[in-house]
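Okay, so here's the structure we're looking at.
Each reported figure results from applying straightforward, stated rules to the coordinates on display, with no laboratory input. In this text, all values refer to a predicted model and were calculated from it rather than measured experimentally. Cβ: placed from backbone, ideal geometry, glycine included. Neighbour counts: every protein chain shown.
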Ligand SMILES: [Zn+2]
């Protein structure tokens, strides 16, 4: 059923296309075929743009035939989270309020991908406006985990993760506001990176929480993630918060895969009670493996990380309550209840009520509360101070160690429906990933095996100093190589949900 | 200090959400639970700690005062729920501000 | 949950009661018993090439929705990037208003829903404005004061930068007003144009001069902004807009009353009328034992009155927080110094200089200024006329014509250079004052330069003594009895002979010279 092509890495596909062993057109066809075959079970995509993908692939083949230089990922298909604007495809953010909206402009990430010759297969499912950890908050139904279709693929970038884990695409792009790349990567057995805040452009990324949102790569291998990272990153004058400094050498680091002499810090605050035993077991083994590969281990306390979740659930909803105010039925998107007698105010309220899902409304309400006069200092103001303290914890830790590690998530993929109406339980999925969002540090999740209690993937999170994203790839690549050697075959061969 | 139903109704008006009655009750309970949990930030000893609003330590990021092409009017109005005279048609507006 | 959120709900009973008082107290009576306190919030659209946060042109008008992009339309995913020149202009204004320039400040989001505001928040500045704590000296006409004028120093609370909103056209209903309209049409061309808000501290102690003080402040501010070249400050096009705060304090009580904020005050005259009306209205409210209600009011140009805005059901809660899409602004001292060094001569300094150069009194200068002729006189002097000549022609002649035409004197179709040339021709004796007025008529009528008008209309004074003497002799011969009276010492009778000569020369002779020649002849 699957051709070998869909199981190939992005690096191998790009090399094959560059060498003329493969055409971009056949690579695209193979993935469109795979989508056709499994999409009704996994539901990774909200929109598949087969025709545009074919045209983009033909353009790459023509470019090669003409002897023009190709980008490092030219002809490689990719699944783009539906939170980035695209002129030739709808952009819904998983929300009914944007159903059918076609933006008149491309996001910077979209443009960079196109310019690199990457073939956009379509737009992937997500929790509405990136709020959630399971894709169950999508207005268009949940995506499913290719390891077990009864379980969530994580979120909010769950559609991109499911597409890559389900071999519908070798690469996916997600966004990470509180863990929305790393957590789905962990529960789908993928590599998922959150670059340093500001290293990847937010222009054209429909904002959830502006000071936290970070676009990043999802892939099946560390090298593939690094190749995509390098294409995505770089200064963008259209984003004031974009960092104007050279992209760290992530691809070289992924190829180097050598951690001898590196000091690895273990954060005790990101462990212990509430963590699934199988997750902790695999994490502990991975840490031992790192030591055996030449790393020095050290426990480093980050005392304020325990307040990260609380601070995050004040800051992110506050920003989202303001960012989502523009969805008001006046200029684009859904409009409800405009019967000629109702006022603009009433039409706005009716549209927002019916166009937003429960979680989005919950967070808008929470943010409205946290910013209202009389509460600002006690909630939003205090959360911003906690943010400073968490940043200081990171800075102090990196004076002692080169990278920090923790489990990416407290548990493996949970069953669909289990946490839908229990927001606090859902929020716990981001417990370990949130600190790096609050501080802006780069972090990455890399698979560290299957949990012995349920046979589902476990992720190890690596965190590095700001703008030292290359260290993430160096450590991840070393661990990946060691685990692959020990196992003898790629981890995702064990994913049987779509078999 | 539990959050009252009328407070939730007030927040919904501020946020332009026409919440149904049952939704108000349900949300009041959930918000109360979440607010209790996030109020943990108040336990932190943070006297004299400056707030962080941006994790990027940069300032003075400006643009030159140089014009760029605008969108064509058709593209601007293509997504409008209603348009008339090349303008966005919106329901009657109650009052200024 | 307690505090502002819940306490603010429900319409206030005071709104109903306060609104019930509709009478006015005559102005003189009102200010004899109450001291007005005024405050002004002025919005100025900056004259940058592009908008505040995007590269769309920041120009007035244009076909609807043609000066927009994803950023100023607030489309999902778009991000703002601040315009360096707009920040520079704001600092320029702050320095000219003697403000402190913040060494570090941020933009904030002001959250409220309104269809003409694309993001449903306005990027503004809240507790960290770019400029604070300055002042502007203004001069008010005060017939009772020594020199006929009075100087006051208006404190400036803050100068901050924000973005403008779109514009709505209200369709249906009766008058195109917002109330009673069936629906509205929104054009976002104006959305995102940089807007500077200048807020005064409360101004008290001006008594019955409060309306004039408000007007004088806005006039002075407008002149200042124009000299800074940061805005075209056209009130009729909305690039300068005023909100006027007024409150009354019972005379001698020292207790300030509740203020109202009157919006939509869009001409200098309206600023004065709005304050005057609010004083008369609030005095009536207070006289009847009611309280003035803190509210927004709208000014109506046609009637000169204000009406209450919609009673707000709930207090506004703008939920300000630092704009996460923009980074802090930290103007370096070098930058601020460079901007300071580039400031032009400011109007007050210029006025002092011109008063000296023209040798006029404060009162006389005020007349020129009130006539709107300062620039014209200065340019005429620069073109070679003496200050006295320039003043004479602009104030005596051209101001009258402007008034007749209902136009601003500066907008008359005559250049200062042309006025200077007329003055020069008079000085040279080529034109009499009477002829000069005809030349001005010709220039205003579009007949060309003063020299062209003189040539075309044949208006030069007859200065050929031979021709004049012939005309004089003819007049004496034709009026022997008048000539006899003059010879007999009745010099005043010579007027009839002068008139006869002027008639004979079709007015083109210099009457003074004619008179001299007649007296010479008859004395001989
Ligand atoms: Zn624009």
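Rg/Rh for the stretch C:465-523 stands at 0.92; both radii use Cα atoms, and Rh follows the Kirkwood definition. How tilted is helix C:433-444 with respect to the longest principal axis of chain C? Cα atoms for both, answer in degrees (0 to 90, nearest 10). Roughly 50 degrees between the two axes.
Once you divide the Cα radius of gyration of the stretch C:22-336 by 2.2 N^0.38 Å, the number left is 1.03.
Rounded, prolate or oblate: pick one for the stretch C:280-434, where a ≥ b ≥ c are the square roots of the eigenvalues of its C-alpha gyration tensor, a/c under 1.5 means rounded, and failing that, prolate if a/b is larger than b/c, else oblate. It is oblate, given that a/c is not under 1.5 and a/b is not larger than b/c. In plain terms, the residue of A:82, C:243, C:433 with the fewest other Cβ atoms within 10 Å comes first and the most crowded comes last, giving C:433, C:243, A:82. Each helix, a run of at least 4 DSSP H residues, gives -39500 (n - 2.57); summed and divided by the residues of chain A, these come to -12000 deg cm²/dmol at 222 nm. Largest first, the extents of the alpha carbon coordinates of the protein assembly as shown on the three principal axes equal 141, 78, 57 Å. Evaluated at q = 0.12, 0.26 Å⁻¹, a Debye calculation over the C-alpha positions of the stretch A:392-446 (equal weights, vacuum) places log10 I(q)/I(0) at -0.37, -1.10.
Across peptide A:84-90, the mean count of Cβ atoms from other chains lying within 10 Å of each residue's own Cβ comes to 1. Our helix-only sum for chain B, with -39,500 (n - 2.57) per DSSP H run of n ≥ 4 divided by its residues, gives a mean residue ellipticity at 222 nm of -10500 deg cm²/dmol.
Hey, what angle do you get for helix C:511-523 against the long axis of chain C, alpha-carbon based, 0 to 90 degrees rounded to 10? Long axis of C:511-523 versus the principal axis of chain C: about 20 degrees.
Ranked by the mean number of other Cβ atoms within 10 Å per residue, highest first, peptides B:16-22, A:135-141 order as A:135-141, B:16-22. Against chain B, whose longest principal axis is taken from its Cα atoms, helix B:21-38 shows a tilt of about 70°. Comparing the stretch A:288-338 with the 2.2 N^0.38 Å rule of thumb, its C-alpha radius of gyration ratio is 2.29 (two decimals). Calculated [222 nm] ellipticity per residue, helices only, for chain C: -11500 deg cm²/dmol; basis is -39500 (n - 2.57) per DSSP H run with n ≥ 4, divided by all residues, nearest 500. The C-alpha radius of gyration of chain A, expressed as a fraction of 2.2 N^0.38 Å, stands at 0.91. With the convex hull of its Cα atoms as the shape, the stretch C:153-312 has an orientation-averaged projected area of 11.0 nm².
Considering only beta bridges that DSSP places wholly inside chain A, some 65 percent are antiparallel. When Rg and Dmax are taken over the Cα atoms of the stretch C:70-110, they come to 13.6, 40 Å.
Per-residue Cβ neighbour counts within 10 Å put B:58, C:235 in the sequence B:58, C:235, beginning with the fewest.
If I take all pairs of Cα atoms in the stretch C:209-296, what percentage of them are more than 16 Å from each other? For the stretch C:209-296, the fraction of Cα-Cα distances above 16 Å is 57 percent. Diffusion coefficient (Stokes-Einstein, Kirkwood radius over C-alpha pairs, 25 °C, 0.890 mPa s) for the stretch C:329-370: 196 µm²/s, rounded to a whole number.
Over the stretch A:123-273, the reciprocal of the mean inverse Cα-Cα separation, the Kirkwood hydrodynamic radius, stands at 15.9 Å.
Extents of the stretch C:347-457, taken as max minus min of Cα coordinates on every principal axis and listed largest first, are 43, 32, 18 Å. Both the radius of gyration and Dmax for the stretch C:84-140 are 14.4, 42 Å, in that order, over alpha-carbon atoms.
Apply the a/c threshold of 1.5 to the C-alpha gyration tensor of chain B and tell me whether it is rounded, prolate or oblate. Verdict is oblate for chain B. Rounded, prolate or oblate: which fits the stretch C:311-380, taking a ≥ b ≥ c as square roots of the Cα gyration tensor eigenvalues, rounded meaning a/c under 1.5, else prolate when a/b beats b/c? Oblate, since a/c reaches 1.5 and b/c is not below a/b.
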